[in-house]
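The values are calculated or read from the model by the stated rules, or taken from the named source; none is laboratory data. Note that the structure is predicted; figures quoted are calculated from it, not measured. Reconstructed Cβ throughout: ideal geometry from the backbone, glycine too, with neighbour counts over all protein chains shown. Each accessible area value is taken on the protein alone, full model and side chains, heavy atoms only, with ligands, DNA and RNA left out. Shrake-Rupley method; radii C 1.70, N 1.55, O 1.52, S 1.80 Å.
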Amino acid sequence: MRRMKVDGDRTAVAEFRRKLAAGEEELVPASVVERLVSGENRVRVWREHRGLSGAALAKQAGLAQAYLSQIETGAREGTVETYGKLAAALSISLDDLAG
């Protein structure tokens, strides 16, 4: 049984390395993970990690900058469609953005 787990782990690591090399996965710095885990606004954390201003992200996602600001401060909830646009603009999955 232990042998199957080791083989499975090796397969998972090999698949991750393949995806990383292909640009389908990325390594996320511990500081970003800590911010996400601590409950900071996920849109803001990912936006800052990507080096984008609020204006730049809003433009890429096709949103008003004021609306994005309200989402980041928690004043408004975005729709699933809005979060989908933000996730695409940030090059992450909707799951990564929704937590």
Quiz prompt | Top-ranked residue in segment 38-84 [being among the β-branched types (Val, Ile, Thr) and free of Cβ contacts under 8 Å to residues at least 24 places away in the same chain; ranked as most open to solvent (accessible area, probe 1.4 Å)] | solution = Val80
Self-check item: Odd one out for Gly51, checked against (1) on the phi < 0 side of the Ramachandran plot; (2) not in a helix (DSSP H, G or I)
Solution: (1)
Exercise. Kindly list the number of the only condition in (1) open to solvent by 60 Å² or more (accessible area, probe 1.4 Å); (2) in contact with an Asp or Glu (Cβ under 7 Å, 6 or more places away or on another chain) that fails for Asp9.
Key: (2)
Quiz item: In segment 12-32, what residues are over 16 Å from Leu94 (Cα atoms), under 14 Å from the mean Cα position of the chain (by Cα) and open to solvent by 60 Å² or more (accessible area, probe 1.4 Å)?
Solution: Leu27, Ala30, Ser31
